[in-house]
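Engineer: Sharing a structure, written as structure tokens. Questions coming.
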Amino acid sequence: METKQFKAESKRLLEMMIHSIYTQKEIFLRELISNASDAIDKLYYKALTDDSLVFAKEDYTITIIPDKDKRQLVIRDTGIGMTREELEENLGTIAKSGSLAFKQENEAEDGRDLIGQFGVGFYSAFMVADVVTVVTKPFGSDVAYKWESRGIDGYTIETIEKETVGTEITLHLKADTEDESFGEYLEGYRLKQIIKKYSDFIRYPVQLEEIEREKAEGSEEYAEKKVLKTVNSMVPIWRKNKRELTDEDYANFYAEKHYGFDKPMKHLHISADGAVRYQAILYVPEQMPFDYYTREFEKGLELYANGVLIMEKCADLLPDHFSFVKGMVDSEDLSLNISREMLQHDRQLKLIAKNIQSKVKKELETLLRDEREKYETFYGAFGRQLKFGLYNDYGMHKDVLKDLVLFYSSKEKKLVTLAEYVGRMPEEQKYIYYASGESVERLDKLPQTERVADEGYEILYFTEEIDEFAIQMLVEYDGKPFKSVTSSDLGLPEAEATDQKDHEDLFLAMKEKLGSDVKDVRASVRLKTHPVCFSTDGAVSIEMEKVLRAMPNAGDVEAVKILEVNTNHPVFAALEKAHAEDEAKFGRYTKLLYQQAQLIEGLPIEDPAAFANEVCELMI
Ligand code: ADP
Ligand code: MG
């Protein structure tokens, strides 16, 4: 028996391995099972070229045996085993991967399915074990070897007897400490949980040895019996043929994976074979997760590299506007980093993400077209996120999202798409009109909508804070610009603008009384029955002013307001009279009208008590 030192750089790496590369200790089992699966794969590839070797899949298994008495966990495989040189090379040198070399030697296709490539996974065993023993018999040899190591100190290799080809790794688990239990890796339920979580779709059976107690026939005594139970499901649902799967299968998978407690509204099974190969099962949930619009919500899809779980929430796979999508992606084309918790390059990931985005978009468009009611339920939960998406990144995603958003229509009295709106526009209508406010009920009564509605035009009601911001990013739809009904220039056929000239003096006097509170006072072109309202100039509307002002550090953004007066309203006659006869009264009336316009907009008035008193004065 010889004792060997790890190479110096290996020592440092080992140290790193044990203490910092992995965030969760339980992944040691994933690594060892992956290695076992790779070893069986290698035998399988050998069988492809070696006629003397018949590969019968049933004979190839991975077995996990916990032994509480000895505090040992054994991982056994019937794979290709390791020669002495391979033991030295692959286990004696950290960051040396026999699997990677195998892939490089064996052209293209053959090694494609192998998981290993960094030559560090094996050492994760030292996170949970103080002694690791590897007994291995390589294919085509009569001799077997025992490799043993206590970590940093180095390792020993000796020859040993072993009947069958393959490898058996024994972990002597560390003693439990106050805040860490290693003994849990001997509990059947825990092992099952870890295997299910990370290795469910390893192609070979992963069997767990369990002890069953049974009464022997004719005896009252219980006898203990060891049984092997296959834990993993092996063929992942995403590799199955879509046609063989039912909606229920997809719903079961959704529940099994704990993607949500609801039922999925839609599922999407992708098998992409283009620039990047990947399979995915994606879901649009029916219900909004309770924390969806909070900071706590984390978007992401499960990411598998060739059937092995790499990341539980890979955020890069989903754009923010589709952050509600749940599900998983499996690809054999990923280059992983050393811990296999992250990806080395994000090029493949970007390609997959792009592809997923367009598939989800298409799926939602189909839902909108074919199952409107369902889409509206979806939109009720996640529509706001789509609108955020329009606004975010300077409107970069507008082409993805502009046909997915819905707004309430003043005419249809229901949610409509922008395409539907534009499709119904009379020829002379230049703009897509909208009004923003707190609720549909309130907007229905908004004075500023009168003229546009009178023209027979449809108005979109914006009732969420994000709406107007999103639409500003969009600028136009199908060549038709958006226009707020409160905008100073409505783009309607010329109305009696002459009123303005007839009363120039009066408006100037009003403007003087109001000072910098308004930019201008004008004869209204949009009011029919109401006496006053505001309109705005420029990009910031009154609704936007409210939203922006509610934000911390908003500064003093202000909508440029114009007070519009309805010259056909009886109150105007009173105003004219005051203007001619009583300067003080004229001032009070002007102020009152201004405050009314504020109230209509839901803006706070500076001194509500004084306003109330003024109104009372008029009543006495
Ligand atoms: P990786 O799997 O990334 O190559 P590991 O540290 O997990 O790195 O394993 C190092 C190497 O040891 C593997 O590439 C493989 O050649 C060899 N090896 C590990 N476990 C086994 C096993 N059960 N059977 C055969 N060879 C193994
Ligand atoms: Mg490995």
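Engineer: Students sometimes get this wrong: rank Lys483, Lys46, Lys414 by accessible area, probe 1.4 Å, all chains present, largest first.
Structural biologist: On the way: Lys483 30, Lys46 80, Lys414 105 Å².
Sorted descending by solvent-accessible area, the residues read Lys414, Lys46, Lys483.
Engineer: Gain in length, Lys480 to Glu178, computed as 0.36 nm per residue apart minus the alpha-carbon separation, to one decimal in nm? Working shown, then result.
Structural biologist: Working: separation 302, 0.36 × 302 = 108.72 nm, distance 6.78 nm.
Roughly 101.9 nm would be gained on extension.
Engineer: Could you state the accessible area per residue of region 120-257 in Å², with a 1.4 Å probe and every protein chain left in place? Spell out each step's value before the answer.
Structural biologist: Details: 7260 Å² over 138 residues.
For region 120-257, the solvent-accessible area averages 53 Å² per residue.
Engineer: In degrees from 0 to 90, rounded to the nearest 10, what is the angle of the helix 27-49 Cα long axis to the longest principal axis of the chain?
Structural biologist: So the inclination is approximately 60 degrees.
Engineer: Do the alpha carbons of any pairs in Lys362/Lys411; Lys387/Lys480; Lys398/Lys519; Lys42/Lys68; Lys11/Lys42 sit beyond 30 Å of each other, and which pairs? Numbers along the way, then the final one.
Structural biologist: On the way: Lys362/Lys411 28 Å; Lys387/Lys480 19 Å; Lys398/Lys519 33 Å; Lys42/Lys68 32 Å; Lys11/Lys42 28 Å.
Correct reply: Lys398/Lys519; Lys42/Lys68.
Engineer: Here is a follow-up. In degrees from 0 to 90, rounded to the nearest 10, what is the angle of the helix 347-370 Cα long axis to the longest principal axis of the chain?
Structural biologist: 50
Engineer: So how do 206-216, 283-293 stack up, highest first, on mean other-Cβ count within 10 Å? The partial results should precede the final answer.
Structural biologist: Values: 206-216: 14.5, 283-293: 16.9.
Top of the packing list down: 283-293, 206-216.
Engineer: Can you give the charge dipole size of the chain about its Cα centre, rounded to the nearest 20 debye, using +1 on the beta carbon of Lys and Arg and -1 on the beta carbon of Asp and Glu? Intermediate values should be presented prior to the final figure.
Structural biologist: Values: 82 positive and 117 negative charges, 141 e Å.
About 680 debye.
Engineer: Related question: Give the peptides 526-536, 578-588 in descending order of average Cβ contacts within 10 Å, highest first. Walk me through the numbers before you get to the answer.
Structural biologist: Details: 526-536: 21.0, 578-588: 14.1.
Sorting 526-536, 578-588 by mean packing, highest first, produces 526-536, 578-588.
Engineer: Please compute the contact order of the chain in relative form: average sequence separation of alpha-carbon pairs under 8 Å and at least six residues apart, divided by the residue count, as a percent.
Structural biologist: On the way: 1071 pairs, mean separation 48.2, N = 620.
Result for the chain is 8 percent.
Engineer: How far is helix 247-256 tilted, in degrees, relative to the longest principal axis of the Cα atoms in the chain, given as a value from 0 to 90 rounded to the nearest 10?
Structural biologist: Compared with the principal axis, the helix lies near 80 degrees.
Engineer: So which of Lys299/Lys546; Lys57/Lys162; Lys192/Lys257 end up more than 26 Å apart, counting from Cα to Cα? The partial results should precede the final answer.
Structural biologist: Details: Lys299/Lys546 30 Å; Lys57/Lys162 22 Å; Lys192/Lys257 15 Å.
The answer is Lys299/Lys546.
Engineer: So, one more: Over 30 Å between C-alpha atoms is what I'm after, so list which of Lys25/Lys137; Lys196/Lys263; Lys354/Lys414; Lys359/Lys414 land there.
Structural biologist: Working: Lys25/Lys137 28 Å; Lys196/Lys263 22 Å; Lys354/Lys414 33 Å; Lys359/Lys414 27 Å.
Going by Cα-Cα distance, Lys354/Lys414 fall outside the 30 Å limit.
Engineer: While we're on this one: In square angstrom, what is the accessible area per residue of region 294-439 with a 1.4 angstrom probe?
Structural biologist: On the way: 6700 Å² over 146 residues.
Solvent-accessible surface per residue comes out at 46 Å².
Engineer: Quick one: if the Förster radius is 45 Å, what FRET efficiency do Glu312 and Ser516 give, using the C-beta to C-beta distance and rounding to 0.05? Let's see the in-between values first.
Structural biologist: Numbers: r = 56 Å, r/R0 = 1.25.
For R0 = 45 Å, the calculated efficiency reads 0.20.
Engineer: Taking 1 over the mean of 1/r across every pair of different Cα atoms in region 237-370, what Kirkwood radius in Å do you get? Kindly include the intermediate steps, with their values, before the conclusion.
Structural biologist: Values: mean 1/r = 0.0657 Å⁻¹.
So the Kirkwood estimate lands at 15.2 Å.
Engineer: What FRET efficiency comes out for Lys577 versus Ser439 if R0 is 41 angstrom and r is the Cβ-Cβ distance? Round to the nearest 0.05. Please report the intermediate quantities before stating the final value.
Structural biologist: Values: r = 38 Å, r/R0 = 0.92.
According to the calculation, E is roughly 0.65.
Engineer: Going by accessible area, probe 1.4 Å, with all protein chains left in place, what is the ranking of Met619, Met234, largest first?
Structural biologist: Values: Met619 150, Met234 55 Å².
Putting Met619, Met234 in descending order of accessible area: Met619, Met234.
Engineer: Find how much the distance from Ile152 to Leu53 grows on full extension, using 0.36 nm per residue of separation minus their present alpha carbon separation; answer in nm with one decimal. If you can, show how the numbers build up before the last one.
Structural biologist: Values: separation 99, 0.36 × 99 = 35.64 nm, distance 3.86 nm.
Between Ile152 and Leu53, full extension yields 31.8 nm more.
Engineer: Let me ask another. Which percent of the accessible area of the chain is formed by carbon and sulfur heavy atoms (probe 1.4 angstrom)?
Structural biologist: Its accessible area is 48 percent carbon and sulfur atoms.
Engineer: Let me ask something else. Would you please state which residues of region 228-266 a label at Lys374 would reach in this model, taking the label point 7 Å out along Cα→Cβ and a backbone N cut-off of under 19 Å?
Structural biologist: Within reach of a label on Lys374, which here means backbone N under 19 Å from a point 7 Å along Cα→Cβ, region 228-266 contributes 242-255, 260-266.
Engineer: In addition: How much of Asp556 can a 1.4 Å solvent probe reach, expressed as accessible area in Å² and rounded to 10?
Structural biologist: 120
Engineer: Using only the alpha-carbon atoms of the chain as identical scatterers, what base-10 log of I(q)/I(0) does the Debye formula give at q = 0.05, 0.06, 0.08, 0.09 Å⁻¹?
Structural biologist: Taken in order of the listed q values, log10 I(q)/I(0) reads -0.40, -0.53, -0.73, -0.82.
Engineer: Which loop GluC sites (Glu not before Pro) in region 159-195, with loop taken from DSSP, have no more than 10 other Cβ atoms within 10 angstrom of their Cβ? It would help to have the intermediate numbers written out before the result.
Structural biologist: On the way: sites: Glu161, Glu163, Glu168, Glu178, Glu180, Glu184, Glu187; in loops: Glu161, Glu163, Glu178, Glu180, Glu187.
Here the sparse-neighbourhood loop sites are Glu161, Glu163, Glu178.
Engineer: Now for a separate question. Taking the Cα centroid of region 39-72 and of region 299-326, what is the distance between the two, rounded to the nearest whole Å?
Structural biologist: If we compute the Cα centre of each part, the gap is 31 Å.
Engineer: I would also like to ask the following. To the nearest 10 Å², what's Asp505's accessible area with a 1.4 Å probe?
Structural biologist: About 120 Å², ignoring ligands and nucleic acids.
Engineer: Counting only heavy atoms of protein chains, what accessible area per residue, in Å², does region 555-620 have with a probe of 1.4 Å? Don't jump to the answer; show the numbers that get you there.
Structural biologist: Details: 3770 Å² over 66 residues.
For region 555-620, the per-residue accessible area is 57 Å².
Engineer: I need the GluC sites (Glu not before Pro) found in region 220-249, filtered to DSSP loop residues with at most 15 other beta carbons within 10 Å of theirs. Walk me through the intermediate numbers first.
Structural biologist: Numbers: sites: Glu220, Glu221, Glu224, Glu244, Glu248; in loops: Glu220, Glu221.
Qualifying residues, ordered by number: Glu220, Glu221.
Engineer: Are there any trypsin sites (Lys or Arg not before Pro) in region 266-326 that are in a DSSP loop and have at most 15 other Cβ atoms within 10 Å? List them by number. Please report the intermediate quantities before stating the final value.
Structural biologist: Values: sites: Lys266, Arg277, Arg295, Lys299, Lys313, Lys326; in loops: Arg295, Lys299.
Of the trypsin sites (Lys or Arg not before Pro), the ones in loops of region 266-326 whose Cβ has at most 15 other Cβ atoms within 10 Å are Arg295.
Engineer: Sticking with this structure for a sec: What is the gain in length, in nm to one decimal, between Gln5 and Leu228 on full extension, counting 0.36 nm per residue of separation less the C-alpha to C-alpha distance? Display every interim value, and only then the final one.
Structural biologist: Values: separation 223, 0.36 × 223 = 80.28 nm, distance 3.76 nm.
Computed gain between Gln5 and Leu228 is 76.5 nm.
The values are calculated or read from the model by the stated rules, or taken from the named source; none is laboratory data. This one's a predicted model, so the numbers in the text were calculated from it and none came from an experiment. Please note: Cβ atoms are built from the backbone with ideal geometry, for glycine as well, and neighbour counts cover all protein chains shown. The accessibility values were calculated without ligands, DNA or RNA, using every heavy atom of the protein model including side chains. Shrake-Rupley method; radii C 1.70, N 1.55, O 1.52, S 1.80 Å.
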